[in-house]
Amino acid sequence: MTAQHSLIASPSKKGKPTARARKRLADAPPIDFTITNLAHDGRGVAVYETDNESHNPDKAGKKIFVSFALPNETVSVKVTSSKKTFEEGDAKAIISNPHPQRQTPPCPHFTVCGGCSLQHWDADGQIAFKQSVLSELLTHQAGVQPDNWLPPLVGDRLGYRTKARMGVRFVAKKESALVGFRERGSNFLSELNECHILDPRIGFEIENLKALITTLDARDHIPQLEVAMGEILSHVPDSAKSVAIIVRHMVPLSDDDITKLKAFFAERHWQLFLQPKGSDTVHRIDTDGARNSSLTVPPTGGLFYHLPNFELTYEFSPLDFTQVNLSVNRKMMDLACELLDLQAGERVLDLFCGLGNFSLALARKVGETGFVVGVEGSEQMTERAKMNAITNGIHHTEFYAQDLTQDFSDKPWATGEHQFDALLIDPPRSGAWEVMAYLPKFNAKRIVYVSCNPATLARDTKALIDAGYRLTHAGVMDMFSHTGHVESIARFEKVA
């Protein structure tokens, strides 16, 4: 890599500073910084020094967070935001000492599109960094390190994302639609032609989607596409249509628009859903039958994924929450069951169970003499879990709908008479703080906590340690490669 290596081809629109502030930042020349370390989101951290004449001495000691920079690199930085206590900027060129794990980003839209932020970094380096973030947070918030660090769990790192919400905007001046993700730090849509993080079935169809929307009468009134993809499975004939898109439209679609949408989706064997208002108005359009026929009820399924090691097939709808990286999900299921060390006949509780992703695998492990209870806040997802259990011939499970942020002590599954040998928790980003105080009542010997936010995992780890558990294992999983998001897993064991 040569000196002054260019990182960014064009500037991105940032934030909402005043016009004068925007002009001042735009006119200011780049400043050279040496990156000392990284923030938790993967941005480089540097500090204004007093011995650099190009720096304002009044800023000495002020931090700047630099996108697209790696440790020990000296980079030319364009400041994009200036606040009282810190600044933000983009690395425009490497002056010296490029990081050995720096790589050429695989996507041509990287640095402009806000969909991912770490493509300039080798994927192994990214996941090792994420483990260091988890380690630091455990030390800082819980005062503990695991007895054993698990090796990072990795899967597909490109073309892996099977769920996404994509913005849509018709630009009259260009007489063309935009389809994709927001620009970094902006409400503007990126002008994408392809996406290397999305599953290729959609990632390389963006240009065709743009062309389709451009031809529609309602092109000015389609703000969003919700994309979901499953697997084509030889043992499930209905899985052939493995791509589904929900088209959000703010005005009624003309017959001509519906005809164009149906033809486009039928050619690709995709499922077409329309959403005229809220999520309860989502309905599937029959692209193979009568011209305007539709299923006017909320979607009940239609997409599938498979866990071959457990002989499980899950059905879901494009509205359902599922893990976005199916290759990592398969490995995560194996790891969670291994860490729980389940035995035949044991009772297991799965909190925040969703459509039964973990519950059914746990049920396979404990056998028909055991039992699994799944609890989920969404009634729709609870019904989906029940359906998937029946479809897979699993009858030793029960599923309950319950808001786990509210008191559940009087619920039949949570009364003191129901003890559990093992417990699995897979909460949202906010963590499971509300249930921490109640967990000792279940008296589970082993707990596995799956987290998409290492900060709330570290916080809840402190609560579990205070409740008499020991952190035996922890590690990270590459569920969201090339982004700043961290998926983690931790195992706790009750201290005798």
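The values are calculated or read from the model by the stated rules, or taken from the named source; none is laboratory data. Just so it is clear, the model here is predicted, and its values are computed rather than measured. Cβ coordinates were reconstructed from backbone atoms using ideal geometry, including for glycine residues, and neighbour counts include every protein chain displayed. When the accessible area is computed, the model is the full protein with side chains, heavy atoms only, and any ligands, DNA or RNA have been set aside. Shrake-Rupley method; radii C 1.70, N 1.55, O 1.52, S 1.80 Å.
With a simple spin-label model that places each label point 7 Å from the Cα along the Cα-to-Cβ direction, the separation between HIS235 and HIS140 comes to 4.6 nm. Only the Cβ atoms of Lys and Arg (+1) and of Asp and Glu (-1) were treated as charged; on that basis the dipole of the chain about its Cα centre amounts to roughly 1480 debye. What is the list of residues in the range 476-490 whose amide nitrogen lies under 17 Å from a point 7 angstrom out from the Cα of ASP122, following Cα to Cβ? Only 482 pass the distance filter. If R0 equals 25 Å, the separation of the Cβ atoms of PHE86 and GLU434 corresponds to a calculated FRET efficiency of about 0.15. Of the cross-linked pairs LYS83/LYS130; LYS163/LYS262; LYS63/LYS174; LYS130/LYS411, those separated by over 32 Å at the C-alpha level are LYS63/LYS174; LYS130/LYS411. Once the chain from LYS494 to GLU311 is taken as fully extended at 0.36 nm per residue, the excess over their C-alpha distance is 62.8 nm.
Taken along the Cα-to-beta-carbon direction at a fixed 7 Å, the label points for THR369 and ALA21 span 6.7 nm.
Only Cα pairs under 8 Å and 6+ residues apart enter the sum, and on that basis the relative contact order of the range 399-496 stands at 25 percent. Taking the average, over residues, of other Cβ atoms within 10 Å as the packing measure, peptides 64-73, 23-32, 149-158, 326-335 rank 64-73, 326-335, 149-158, 23-32 from highest down. For the chain, averaging the sequence separation of C-alpha pairs within contact (under 8 Å, six or more residues apart) and dividing by the residue count gives a relative contact order of 12 percent. Specify whether the C-alpha gyration tensor of the range 344-390 places it in the rounded, prolate or oblate class, a ≥ b ≥ c being the square roots of the eigenvalues: rounded for a/c under 1.5, otherwise prolate if a/b is larger than b/c and oblate if not. It is prolate, given that a/c is not under 1.5 and a/b is the larger ratio.
Among beta bridges identified by DSSP and lying wholly in the chain, the antiparallel ones come to about 65 percent. The packing ranking of peptides 199-210, 468-479, highest mean first, is 468-479, 199-210, where packing means the average number of other beta carbon atoms within 10 angstrom of each residue. Computed log10 I(q)/I(0) for the range 299-347 at 0.24, 0.31 Å⁻¹: -0.96, -1.18, from the Debye equation with unit scatterers placed on every C-alpha and solvent omitted.
Here Cα Rg over 2.2 N^0.38 Å was computed from the coordinates, and among (1) 1.02; (2) 1.07; (3) 0.98 the match is (2). Within the shell defined by Cβ-Cβ distances under 12 Å, the residues around LYS210 carry a net charge of -2, with Lys and Arg each +1 and Asp and Glu each -1.
Let a ≥ b ≥ c be the square roots of the eigenvalues of the Cα gyration tensor of the range 318-458; is it rounded (a/c under 1.5), or, if not, prolate (a/b larger than b/c) or oblate? It is rounded, given that a/c, with a ≥ b ≥ c, falls under 1.5. Within the accessible surface of the range 112-151, defined with a 1.4 Å probe on protein heavy atoms only, the carbon and sulfur portion equals 52 percent.
Peptide packing: for 356-369, 266-279, the average count of neighbouring Cβ atoms within 10 Å per residue gives the ranking 356-369, 266-279, highest mean first. Assign one of three labels to the range 169-313, namely rounded, prolate or oblate, based on the Cα gyration tensor with a ≥ b ≥ c the square roots of its eigenvalues; rounded applies when a/c is under 1.5, prolate when it is not and a/b is larger than b/c, and oblate otherwise. Here the range 169-313 falls in the oblate category. Computed extension gain for LYS277 through ASP407, at 0.36 nm per residue and net of the alpha carbon distance, reaches 43.5 nm.
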